[in-house]
Amino acid sequence: MRGATAAHPTGYERLRNPRLNKGTAFTEAERRAYGLEGLLPPAVTKIELQVARRHAEIANLDNDLLKYLVLTDLQARNETLFYAVLMSDPATYLPLVYTPTVGEACQKFAHIYREARGMYLPLTARGRLRELLGHWPEKDVRFIVVTDGERILGLGDLGAGGMGIPIGKLALYTACAGVPPQYCLPVVLDVGTNNTVLLEDPFYLGLRQNRVRGAEYTEFVDEFVAAVQALYPKCCIQWEDFANLNAVPILARYRDKVCTYNDDIQGTAGVALAGILAASRITGTKLTDQRLLFLGGGSAGTGIAELISLAMAREGLDIAEARQRNALFDINGLLVSSRTDLADFQKPFAQDRPPIGTFVEAVKALRPTAIIGVSAVPKLFTHEIIEAMAAINERPIIFPYSNPTSRSECSAEEAYRWSEGRAIFASGSPFLPVEIAGKHFVPGQGNNVYIFPAMGMAIFATEATRVTEDMFITAAQAVAEQVTEADLATGLIYPPQSRILEASLHVAERVAIEIFDSGLARVTRPDDVGALIRAKAYKPVYPE
Ligand code: NAD
């Protein structure tokens, strides 16, 4: 472009730069100043009208993947408008840019691929990861969401197609809590795939080899973490959708060394704790009064149980006693100390009592206030189990958390009907409101989106050096506080998604205070932490 420089891009360059592009919202004066006259249709529109145009276009499509693609193309063309659209109606757009639609987008990634976004770090570039990361145009990256694509949602190994997840998740950090997009970087560590359908697909875009394991894998991840630290010392790394066999050791390896967390493990636990805290508001009880029984003793179950135990300990219970209040039941029955098949991470929750073989017997023996389903097996919360819970508790807490909907341990309608409308219900996947005997119930969804964007915003604003369990407990408390009495009256125990930005900024403020209190911030503590968060939050407003 004649006369253009990086500091003074031409009008045409502005139209092609998603961060500078305003499309038809360029004013008459800007069109004259930048040489845009003739390059745009004459009408000058306000951003509100541009948002309305996209609403109308998307509402007319009857296919969610097409809606996803329209939004993806908009993100590539005009970033401000993309976020203005998302933030104008989060309840409509979050399920399109993230779950469930992003799952289909990841499955079809190679078939719908359009433009480069984020970074692909293949195993074949080992030894050169720092060089590759240096190709990213932004020099101050603060937030990386990274996956190796092995366990994408409930869809399994999608290899390099997993890139849809870091991209979608980072869009939520921005849209739901205001983390500025220019500081965010989506990454795929391509260590191969064991998905034979992908390996045989001529369109597949990742490395055509099976996954590496063991020392080769660990060294590759080590190199990635070291390269990020060297290039972007203030960056938080969020691990996403790794298979359990890698997720747990990766978190253990880095959590005390760098600023990092795993949302599948820690965000899930945070959102479940928030649900229990809000449910306690309905029952007028304390967290330490609760007795929880988990159906499923895997990574989700033990992760939630541990965070709830730590939160109970923060309220004065001895940690061993707190863990006894979080009982787990798996495929082989109640976790009891006489069992010889328990993994190390399960042992702290083993009960000192004789074995119990069925879940309904466990409910009758332990008399829990809450049951949480994390078994990934549908319909295990039977009529008999929910009736037993309703006989023990005036307001039984019933959380079937398994995803997707087809795996849910029970439906919202079953929980309300079988408990005569007394259940306090939240699920992993959404259920529609239920009407029983003229009473309206709104089921809550234990969606991690209440936790992770706010966590990201707090870390970004404070430049936190570490991510601690206390930060997740604080986030959960702050989410639970956001639920209004009116929400609670309809049984809703999470804030509505339509209020997500407001709720997240409040949660971020509380987490930021926790970061300052524990000496983990790298910025000076301001008098008003809430003002710091709001000042740093991204707003979808065109640059001057
Ligand atoms: P996992 O494979 O690690 O654990 C599954 C557990 O269920 C195991 O302990 C297994 O023994 C037990 N189990 C299986 N069949 C059983 C049966 N018939 N009776 C009793 N126990 C049985 O899986 P995970 O990663 O812990 O995930 C479990 C579920 O939790 C998934 O459906 C996942 O979608 C869901 N989850 C939800 C959220 C959320 O809603 N925010 C977050 C994370 C995970």
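Okay, here's what the table says:
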{"item": "Angle in degrees between helix 214-231 and the longest Cα principal axis of the chain, rounded to the nearest 10", "result": "50 degrees"}
{"item": "Sequence of Met389, Met312 once ranked by neighbouring C-beta atoms within 10 Å, starting from the fewest", "result": "Met312, Met389"}
{"item": "Segment 233-262 residues near the modelled Ala215 label - backbone nitrogen below 12 Å, point 7 Å along Cα→Cβ", "result": "none"}
{"item": "C-alpha center-to-center spacing [segment 193-238, segment 482-544] in angstrom", "result": "33 Å"}
{"item": "Cubic angstrom per residue, convex hull over Cα atoms of segment 198-332", "result": "185 Å³"}
{"item": "Ordering of 371-377, 351-357, 160-166 by packing [mean C-beta count within 10 Å, highest first]", "result": "160-166, 371-377, 351-357"}
{"item": "Burial ordering of Thr283, Thr358, fewest other beta-carbon atoms within 10 Å first", "result": "Thr358, Thr283"}
{"item": "Modelled FRET efficiency - R0 41 Å, Ser406 with Trp136, Cβ distances, 0.05 increments", "result": "0.60"}
{"item": "Glu28-Ala437 pseudo-label distance in nm [points 7 Å out on the Cα-to-Cβ vector]", "result": "6.7 nm"}
{"item": "Once the Cα gyration tensor of the chain is diagonalised, semi-axes √(5λ) in Å", "result": "41, 27, 23"}
{"item": "Hydrodynamic radius (Kirkwood) for segment 54-108, which is based on Cα pairs only, to one decimal in Å", "result": "11.1 Å"}
{"item": "Helix axis angle, 268-283 relative to the chain longest principal axis, alpha carbon, degrees", "result": "60 degrees"}
{"item": "Greater than 29 Å apart at Cα, pairs in Lys67/Lys234; Lys234/Lys286; Lys439/Lys539; Lys139/Lys539; Lys257/Lys536; Lys108/Lys539", "result": "Lys67/Lys234; Lys234/Lys286; Lys439/Lys539; Lys108/Lys539"}
{"item": "Neighbour-count ranking [beta-carbon atoms within 10 angstrom, fewest first] of Thr468, Thr72", "result": "Thr468, Thr72"}
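Where a number appears in this text, it was derived from the coordinates with a stated rule and is not lab data. Note that the structure is a prediction, hence the values are computed from the model and not measured. Please note: Cβ atoms are built from the backbone with ideal geometry, for glycine as well, and neighbour counts cover all protein chains shown.
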